[in-house]
Amino acid sequence: EEREEREEREERECEAMTEAQFQQAVNSLQRAVNSVQDALENKLLRKVQKDTFLCSAKCCDTTSTRQDLQQCLSACAQPLMETEQRVKVQFEEFQLRHQRCIQRCQDVAVENLTPSSSERDRERAGEKLRKCAIECCTSYEKQIPQLQKNIMNS
């Protein structure tokens, strides 16, 4: 009985450790994404924003009708809107790929569970899910430099 209690305690400690590692992996991935977003803001978007504002200011000096002004302003804003859209799409695709990785983890973790599975089997499935999800986070964090390059070069 003492051995059983020790094994259960060790399992709970392992589960808690895995949960903490999972949170750490998620936080690390989020920090890396935030860092790339900041870098893109500084290296890419601000330049395009500045160009948009300068172009818009020229429109105020060079157009004579309201319609011409509106057309000029729209033309100035177009590159910024396109750039922002490209960045948004790249991040959305990255997020969808990461979500699919996590979904595969969930599928693998529960594929052998049945309504009559023991609590211990359910805990093992949860641990398997967390370990797999950590691998997803780690793998996708490694892809972030390439994501940044792709966005900068698109």
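Does Gln78 qualify as being among the polar types (S, T, N, Q) and closer than 30 Å to Lys131 by Cβ? No.
When Phe22, Phe53, Phe94 are checked against the criterion of being out of contact with any Asp or Glu (no Cβ under 6 Å at 6 or more places or on another chain), on the phi < 0 side of the Ramachandran plot and modelled with pLDDT under 95, a single residue qualifies: Phe22.
The values are calculated or read from the model by the stated rules, or taken from the named source; none is laboratory data. Only a predicted model underlies this, so the values are computations on that prediction, with no experimental measurement involved. Positions of Cβ are generated from backbone atoms using ideal geometry, with glycine treated the same way; all protein chains shown enter the neighbour counts.
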